[in-house]
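K.L.:
My questions all concern the structure below.
The values are calculated or read from the model by the stated rules, or taken from the named source; none is laboratory data. Quantities reported herein were computed from a predicted structural model and do not represent experimental measurements. Heads up, the Cβs are rebuilt from the backbone with ideal geometry, glycines too, and the neighbour counts pull from every protein chain shown.
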Amino acid sequence: MQAAIERLLHETQAGAVFWNRRYEPSVIERDHKLKEALRKTECVAESFNSSLLFEPWTVQNQSGKPYRVFTPFWNHCLRQPLTPPPRTEPQKLPAPERWPQSEPLETLRLEPSVDWAGGLKETWQPGELGASQRLAGFLGDGLSDYNGERDRPDHSGTAMLSPHLHFGEISPTQVWHAVQQVEANKQSRPGATAQPFLRQLVWREFAHHLLYHFPETQTKPLRPEYAGFPFRTAPRDYKAWCRGQTGYPLVDAGMRQLWHCGWMHNRVRMVVASFLVKHLLIGWDEGAAWFWDTLVDADLANNTLGWQWAAGCGADAAPYFRIFNPVSQGTKFDPKGDYVRRWVPELANVPSSSIHQPRDGSKATQQRVSQKGKAYPPAIVPHMAARQRALDAWATIRR
């Protein structure tokens, strides 16, 4: 990267380089070295905060140490002065006198010959315009109902801004101030509150806070006692999970949605993560690796926090003994089965009463899901047996 930037400076005769900071450990080291090298050539080199509300080193507890529990972190952030609203974009930017040599993007042939990205194209509009349209749509139709709708994968109740935030197409400061402005204009409508949504933005901050202060969590559990957890090596089970062939409809719908459009509803993310590390007893790092390969919002900090939370080995994590039942989760959050039917077409004609346990339904339903060529797999592992196996494994590290 340094060599490419130096060539660009030479071609354009530019005397300064500015960029927005990132907080992954390897990127911090890279940018520090780049800034030092550029300054040695008398080039102005400065970085700025754009991707976070609060930079990780600015939030500490009363002992001057990083937070490891979210609620105190959230309360601390609420007491801090927020970055002012973004300024209006300039009407004009001066163009360089000499443009660098360039190749048309098409000549790079970045897209594969097989159109595996069709689902991505139909779901996302990358760039600042796509981000602003997504935010505007959410503020108009989703914010006031967010707290009641955010756990329903069968509804469009979330903002779906995470890819745009990750790639810097919109900043959390822009989102925060836009939400506050909408709420200020809705004072005549009692009951509308932005706090549940803003809390999710601060969860994103918490993830970056943890990764910055505990960089080893990229590969190691934050809670060291989990380093010896007896996870299984089970390639066939892992493959079934990746492909959405576990026999648990909510899990399979989530994994197929992920493959199709590079995104998954947050409630379903928790269920599929719990299923991998507890029902299948496969390491959280293997799940994190698959998410890293397939998510359009793949973010090292959020991915690490989410998987360690699910595995019970991170900061403010769900206790390991809290094991999601994928059937009851489906019944509660996808009661009519609309989400499952969208992503698991084998179950399109299964009645709502049996949609989350199709092989325990009527004889006609069982015949339908066993039909040759359209069969839906039986459960890869019985829930109660998997639950007990997970608890037995957990007991080995508590001794």
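K.L.:
Out of (1) out of contact with any Leu (no Cβ under 7 Å at 6 or more places or on another chain); (2) closer than 28 Å to residue 251 by Cα, the odd one out for residue 231 is which?
P.N.:
Failed condition: (1).
K.L.:
Mind listing whichever residues of the range 30-87 are free of Cβ contacts under 8 Å to residues at least 24 places away in the same chain, surrounded by 13 or more Cβ atoms within 10 Å (Cβ to Cβ) and assigned by TED's automatic domain parsing to the domain that holds residue 16?
P.N.:
Selection gives 31, 35, 39.
K.L.:
Out of 365, 396, which single residue is polar (S, T, N, Q), at pLDDT below 95 and crowded, with 20+ Cβ neighbours inside 10 Å? Give the derivation first.
P.N.:
Working: 396 fails: crowded, with 20+ Cβ neighbours inside 10 Å.
Being polar (S, T, N, Q), at pLDDT below 95 and crowded, with 20+ Cβ neighbours inside 10 Å holds for just one of 365, 396, which is 365.
K.L.:
When the residues of the range 98-134 are narrowed to those that are β-branched (Val, Ile, Thr) and part of a helix (DSSP H, G or I), which ends up nearest to residue 159 (Cα to Cα)? Explain how you work it out, then say what you get.
P.N.:
So the first thing to find is which residues in the range 98-134 are β-branched (Val, Ile, Thr), and the list is 107, 114, 123.
Filter again for part of a helix (DSSP H, G or I), leaving 107, 123.
On the way: 107: 34, 123: 13 Å.
If we take residues in the range 98-134 being β-branched (Val, Ile, Thr) and part of a helix (DSSP H, G or I), then 123 is nearest to residue 159 (Cα to Cα).
K.L.:
Further, regarding this structure: Picking from 80, 101, 60, which residue would you name as being within 30 Å of residue 308 (Cα to Cα) and more than 25 Å from the chain's Cα centre (by Cα)? Steps first, answer last, please.
P.N.:
Details: 101 fails: within 30 Å of residue 308 (Cα to Cα); 60 fails: more than 25 Å from the chain's Cα centre (by Cα).
Every option except 80 fails the conditions.
K.L.:
Mind checking which pairs have a first residue in the range 160-175 that is small (Gly, Ala, Ser) and a second that is not in a loop (DSSP other than H, G, I, E, B), Cβ under 7 Å, 6 or more apart or different chains?
P.N.:
Qualifying pairs under 7 Å: 168/20.
K.L.:
Only one of 240, 234, 192, 253 is modelled with pLDDT of 95 or more and either surrounded by fewer than 18 Cβ atoms within 10 Å (Cβ to Cβ) or among the β-branched types (Val, Ile, Thr) (or both). Can you tell me which? Before you say what the answer is, go through the steps one by one.
P.N.:
On the way: 240 fails: either surrounded by fewer than 18 Cβ atoms within 10 Å (Cβ to Cβ) or among the β-branched types (Val, Ile, Thr) (or both); 192 fails: modelled with pLDDT of 95 or more; 253 fails: either surrounded by fewer than 18 Cβ atoms within 10 Å (Cβ to Cβ) or among the β-branched types (Val, Ile, Thr) (or both).
Step by step, each of 240, 234, 192, 253 is checked, and only 234 is modelled with pLDDT of 95 or more and either surrounded by fewer than 18 Cβ atoms within 10 Å (Cβ to Cβ) or among the β-branched types (Val, Ile, Thr) (or both).
K.L.:
Additional query: Looking at the range 332-362 only, could you name the residues that are surrounded by fewer than 18 Cβ atoms within 10 Å (Cβ to Cβ) and either among the acidic types (Asp, Glu) or at positive phi (or both)?
P.N.:
338, 360, listed by residue number.
K.L.:
If residue 336 meets every condition in (1) part of a helix (DSSP H, G or I); (2) farther than 21 Å from residue 238 by Cα; (3) in contact with a helix residue (DSSP H, G or I) (Cβ under 6 Å, 6 or more places away or on another chain) apart from one, which number is that one?
P.N.:
It fails just one condition, (1).
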